[in-house]
Each structure stands twice: as C-alpha cells, then as structure tokens.
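Asker: Structure provided below as structure tokens; questions to follow.
The values are calculated or read from the model by the stated rules, or taken from the named source; none is laboratory data. Note that the structure is a prediction, hence the values are computed from the model and not measured. Cβ coordinates were reconstructed from backbone atoms using ideal geometry, including for glycine residues, and neighbour counts include every protein chain displayed. Surface areas here come from the heavy atoms of the whole protein model, side chains and all, with no ligands, DNA or RNA. Shrake-Rupley method; radii C 1.70, N 1.55, O 1.52, S 1.80 Å.
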Amino acid sequence: MKKISLILTAACLFILAACSGPQASPEGTADKPQAANESVELMVLAAASLTDALNSLKSSYEESHPGVKLTYSFGSSGKLAQQIEQGAPADLFLSASQADMNKLDEKQLILPETRVDFSGNSLVLVTAKENGAAITSFEELTDSSLQHIAVGAPESVPAGRYTKEVLDNLKLWDSLSDRLVFGSDVRQVLTFVEAGNAEVGVVYSSDAATSEKVKVLAEAKEDLHKPIVYPGAVMRDSAHADAAKQFLSYLTSEEGKKALQEYGFR
C-alpha cells in the first residue's frame with residue numbers, strides 16, 4: 001500500500017508540473033524559441049541586368065543585417081517567372097518586366113501587397129569601341145554593313161520585347177528579321193557585341209555602363225516602347241517573407257536607390 005501511495009503521489013506531481021507551462025525567464029517573459037536566432041538564406045531570383053548592381057551591395061547588406069545571407073539566381077525575367085511557376089525555390093522576385101510579374105500575380109504566387117516598382121531603365125544601341133559601327137540611330141539599322149544585330153529573344157527577355165516594340169513602331173522588325181541574332185538574356189546580347197559576333201546590339205543603359213568594350217550609339221525614344229519599370233515582390237510560399245520584405249524595402253530606400261543609380265538604373 002505504501003508503494004502504491006508513493007506512485008500515485010509522484011504521478012500527481014508530474015501532471016501538475018506538465019500543466020504549469022514553460023518556466024518564466026528572470027524578466028517574467030517566456031523564453032524566445034531557438035529559431036529566432038537561426039540564420040536566413042534569402043533566395044532572390046533577379047533579372048540578368050541587375051547582376052552587377054546586386055552583387056555590389058551583397059556584402060554591405062549582409063554586414064548590416066547579421067544572420068541574413070543573400071543568394072542570387074540571375075536570368076531573363078520570363079524564364080525566371082517560368083521557374084517559379086514550376087516550383088523553383090524563391091523568396092523574392094526582381095523582374096525587369098511588369099508582364100512577367102503580372103503572370104505570377106494572376107496565378108497567386110506572390111504577395112500582392114508587397115509588390116513595388118523599385119527601379120527603371122532605358123534602351124540603348126551599342127557597338128564595340130574598337131572597329132564598331134558608325135551609325136547614330138535606331139533608324140539606321142537598315143545599313144547594309146550591319147549583318148548581325150543582337151537582341152534579346154522577345155518571348156522571354158524583357159529587353160527583347162522592348163526592342164521589338166521599338167522596331168515595330170519604326171516599321172523595321174520584319175525587314176531586319178534575317179539579320180537578328182537572339183540572346184537568351186540581355187547579358188548574352190552584350191557579350192555578342194563585346195566578342196564581335198554582332199556589329200551592334202540592343203541592351204539596357206545599365207548593361208552598357210558595366211562594359212568597357214562597348215559604346216552607346218543611340219538611346220531609344222521613350223515613346224517608341226512601354227516604360228521600362230522593374231517590379232519586385234515577395235513570393236507567397238516564402239519561408240522568410242519578413243527578411244524578403246526588408247531587402248525589398250532596402251532597394252527602395254535612398255541607400256538602395258543610390259547603389260542602383262551607380263550602375264545606370266533610373
């Protein structure tokens with residue numbers, strides 16, 4: 001009987017301890033979960049034209065935000081949007097196109113309240129600094145000496161879509177079609193010109209600013225294409241939505257704007 005009594009007493013004490021909940025800290029508040037101290041790897045899918053600008057601010061941002069690691073994946077906005085649709089891991093999408101962001105919004109893959117236009121750009125015609133073409137406008141692309149004109153593939157590359165708009169408005173797209181060389185993203189277009197695989201190419205002004213091998217021949221008139229706007233948004237399935245919002249806010253801050261402007265963005 002004594003043994004049974006001891007067992008019942010111990011059981012009661014165990015139940016009371018279990019029901020009492022977590023012990024309060026010295027300050028009287030519950031301890032924070034360990035997860036709050038874990039580091040965050042932020043997966044950012046970004047337009048290829050943002051490569052240099054985002055890489056330049058990576059170290060300083062991580063230093064000022066301990067525990068946050070930025071991991072980038074660059075490519076054409078159209079292909080990146082397609083990857084997100086297919087389930088590619090992403091916390092934040094930085095697009096060079098409203099159209100690609102709209103597609104993800106329609107499929108409810110972004111948090112619409114986080115969407116913001118964080119930058120802009122312009123479209124320019126470039127050639128190699130050495131032995132490059134001598135034309136001075138988009139209208140002169142009909143020059144017979146230009147056998148290879150590099151542009152982004154309009155199906156997936158925003159810069160290619162803007163280029164097609166310009167050439168369509170100038171009534172030149174069809175007549176130049178057999179001389180067009182398509183790049184998988186705007187950086188490949190730039191590489192074609194740098195390597196001499198194309199006499200001229202159409203890229204963003206920010207891309208031209210990063211290269212010491214090309215020079216700008218002309219800037220496309222803004223009334224020839226839709227405004228070039230860069231929208232950003234946090235993914236609905238992001239496991240680090242707060243950190244993603246914070247980085248997006250940084251890009252729209254004075255410090256972030258200055259970093260982008262240094263690389264030719266508007």
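Asker: Name the residues in region 120-141 that are within 15 Å of THR163 (Cα to Cα) and either in contact with a Leu (Cβ under 8 Å, 6 or more places away or on another chain) or of a type in the set (Ser, Thr, Tyr) (or both), would you?
Answerer: Answer for region 120-141, where residues must be within 15 Å of THR163 (Cα to Cα) and either in contact with a Leu (Cβ under 8 Å, 6 or more places away or on another chain) or of a type in the set (Ser, Thr, Tyr) (or both): SER122, VAL124, LEU125, VAL126, SER137, PHE138, GLU139, LEU141.
Asker: A follow-up question, please. Return the residue satisfying two criteria in turn: it lies in region 88-104 and is assigned to a loop (DSSP other than H, G, I, E, B) and over 18 Å from PHE265 (Cβ atoms), and of such residues it is most open to solvent (accessible area, probe 1.4 Å).
Answerer: Looking at the filtered set, the residue picked out is PRO89.
Asker: Shifting gears a bit: I need the full set of residues from region 240-259 which are among the aliphatic types (A, V, I, L, M) and modelled with pLDDT of 95 or more, in order please.
Answerer: ALA241, ALA243, ALA244, LEU248, LEU251
Asker: List pairs: first in region 132-159 and of a type in the set (A, V, I, L, M, F, W, C), second open to solvent by 80 Å² or more (accessible area, probe 1.4 Å), Cβ under 7 Å, 6+ apart or cross-chain?
Answerer: VAL151/PHE182; ALA153/PHE182
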